[in-house]
Structure formats: C-alpha cells, structure tokens
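The values are calculated or read from the model by the stated rules, or taken from the named source; none is laboratory data. Note that the coordinates shown come from a computational prediction; the quantities given were computed from them, not determined experimentally. Cβ placement follows ideal geometry from the backbone for every residue including glycine, while neighbour counts extend to all protein chains displayed.
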Amino acid sequence: MSDMLSADQELVSDVVACQLVIKQILDVIDVIAPVEVRDKMAQQLKSIDFAGNPAAADPVTRRAVQKAIALIELKFTPQETAH
C-alpha cells in the first residue's frame with residue numbers, strides 16, 4: 001500500500017471493498033437463511049417511503065436502495081428459474 005491514490009481512486013477502492021464484503025455476506029445468507037427471510041430482506045427495502053423520507057432528496061441513496069433490492073432479488077433467484 002505504498003502507492004498514493006487520488007480521492008477518486010480511494011473512493012472506488014472503498015466501493016469495491018464493500019462489494020466484496022457484501023458478496024461474502026450474501027453467500028452466507030444464501031446458505032443459512034430460509035426463503036422467507038430472504039424475501040423479507042427485499043421487502044423491507046421496497047417498503048421505504050421515499051415520499052416522506054429525507055433520503056429521497058439524494059438520488060445516490062435512492063439508486064443505492066434500488067440496486068440493493070435488485071442484488072438481493074437476483075442473488076436469491078433459484079438457479080433453475082434464472083436461466
């Protein structure tokens with residue numbers, strides 16, 4: 001880690017690190033959580049009321065929630081129906 005990164009490079013490395021951790025967490029959840037738990041995870045994110053939530057003013061946060069929902073739903077789609 002002797003290379004100095006720019007602020008943008010540091011931000012990108014943070015995002016990639018988070019993606020790697022999330023991937024590991026999703027793999028664990030995929031093994032231990034029943035379908036009902038996984039469905040609830042996605043439903044909780046879908047139930048966020050952006051009309052009354054201050055986060056709605058931030059398009060980055062709104063997009064992050066949309067991506068999180070898609071990630072959970074994609075990850076936990078049974079393989080035989082995903083093809």
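Structure values in brief
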{"item": "Within segment 2-16, tally of residues that are in a helix (DSSP H, G or I) and more than 16 Å from LEU71 (Cβ to Cβ)", "result": "8"}
{"item": "Restricting segment 17-71 to residues that are modelled with pLDDT of 80 or more and among the basic types (Lys, Arg), the residue that is surrounded by the most Cβ atoms within 10 Å (Cβ to Cβ)", "result": "ARG62"}
{"item": "One residue from ILE69, ILE25, ILE32 being in contact (Cβ under 8 Å) with a residue 12 or more places away in the chain and out of contact with any Gly (no Cβ under 6 Å at 6 or more places or on another chain)", "result": "ILE69"}
{"item": "Residues located in segment 26-61, provided they are of a type in the set (A, V, I, L, M, F, W, C), closer than 17 Å to ILE72 by Cβ and outside any helix (DSSP H, G or I)", "result": "ALA33, ILE48"}
